[in-house]
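Undergrad: Below you'll find the structure I mean.
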Amino acid sequence: MVPPHGEFMRTKSALLASCVALALAAPVARGENLLEVYQDAVKSDPLIREAEARRMAALEAKPQARGVLFPQLTVGGQAYMGNVDSEGFQRQFREVTNPETGEPSAVAVSVPFSNQTDTDRYWDYDAQLTQTLFRWDQWQRLKQADSRVALAEANYRAAQQDLMVRVATRYFDVLAADDTLGAAEATLEAVNRQLEQAEKRFEVGLIAITDVQEARAAHDSATAGVIAAKRALASAQEYLRELTGEAYLQLVKPADSMPLDQPDPFDEQAWVDEAIEQNLSVVAARLGVDIAKSNVKIAQAGHMPTLDLYARYGESDTTADSLTRVPKEFQDPDIPVQSYPADLNRVDDQIGVRLNIPIFSGGVTQSQVREQTYLHRAERERLDGSIRSAERQARDSYLGVIAEKARVKALQQAVKSNQTALEATEAGFEVGTRTTVDVLLARQRLFEAQRDYARSRYDYLINVVRLKSAAGVLMPPDLAAINTNLTQPTTLPVVRPAPATPPPAPAPKPPGG
């Protein structure tokens, strides 16, 4: 059960006043069209910024692959000070007498005979120049770098097209949700009037209680429809805000006179052929096959020799002092304490050719070749899947454009027909030839036709964008062309959580009850 019409209107007025107050307290709304929303998304969408960063990173593949083929120059050196103390021992035999027997015997003893101190200061440096003469893997990586750069560009262009599709889809989803909410609120308002009318007629005994109950059931369904429509609009607005980081309370929608053009060219197979050739997922998959094929050749480089030209120059210097002392008992008075320098200077020049021939690597190279061969096969399968997917997308979007164009026209006529039918049913209800149920059904059919008509116009535009994306030719000017047909600004309502539902009113009593 629902509250009487007067109480409902008071509740509705209070809710409207609270929404107005919340809207005044909110930040100033921004009114944007499709192209401006897309420009906001380009600046804010994390996915497109991630794709741009990955593109810039991939562009470094070419200078890295080229750089290893240039001469490689390295310079290094070291310097240190050292101090070494050493002590030498000498084994000697001394004669001693056994006190018990009185016989002489020899005993071995070790006595120090020298003590040496070395102090040195050392430094060296060397410079080495290496030039690749033959390295199969480096030349293959240089060829592969072009494919990697092209793949980065294709992935970035695909991210741009994906952003345009997402912006168009979410932009028109918001407008469709707003139209659905408008139709649901108009239906609820009309059902409220019918409920009020049914209650008055019941009070004077013109209709049965079942008619009032039917009107109340329709009112409950219409109220639930409004709540669901508000929820759908709030979700659609959040999805759009996720792309742009902005909240929009005013967008521009197409007028009823929006032209509905046929795909150009008006040939399904032409779009399919273009998609197979230019679809960016297909282009990226082809480049992936090329890269995988070159990876096989790079892995095969493990079986091949390498040849490098190298030149090296090195210089070192050692400054050292050595001092040797002998114990006095072993010191020859004619030989003084020995102290002498131990300096050494050295220059090292080298130039030559270095050849490395792999003989056995434990089967690692063969395993790496097999691995890259399997990955190459996987990339070919991925290419086949991308071609099929592009063909499906092109056909589906092409048929979607044509079908939605016809559907828009049919639903536009359906709205007019259902409006006429509702008016006739209401007139019959006034004279007693139609029941409340007939009026409610006619109104429900009108609401559905209005909702489907609004959705079909946006689906037509979304399919136009998707068709060009499937063909790989979607560009910002295509959004600008669609934007020229958006001429009707609309203010979106401030969607807030619905207040608690008031308790239902008691059912009216039968006359004389």
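Values in this text are rule-based calculations from the coordinates and carry no lab data. Computed from a prediction, not measured in an experiment: that's the story for all the values here. Glycine also receives a Cβ, built like all others from the backbone with ideal geometry; neighbour counts cover every protein chain displayed.
Undergrad: Under Stokes-Einstein, with the Kirkwood radius over Cα pairs standing in for Rh, what whole-number D in µm²/s applies to the range 216-325 at 20 °C and 1.002 mPa s?
TA: It diffuses with D of about 88 µm²/s by this estimate.
Undergrad: Which ³J(HN,Hα) values in Hz, rounded to whole numbers, follow from the phi angles of the range 412-421 under the Karplus curve 6.51 cos²θ - 1.76 cosθ + 1.60, where θ = phi - 60° and Gly and Pro get x?
TA: 4, 5, 5, 4, 5, 5, 5, 5, 5, 5
Undergrad: So for ARG216, ARG445, fewest C-beta neighbours within 10 Å to most, what's the order?
TA: Arranged by neighbour count, lowest to highest, ARG216, ARG445 become ARG445, ARG216.
Undergrad: Taking amide H positions as placed 1.01 Å from N in the peptide plane, with prolines and chain starts having none, which residues 5 or more places from GLN488, or on another chain, fall under 5 Å of its amide H?
TA: LYS253, ALA255
Undergrad: For VAL353, VAL37, VAL282, what's the fewest-to-most ordering of other Cβ within 10 Å of each Cβ?
TA: VAL353, VAL282, VAL37
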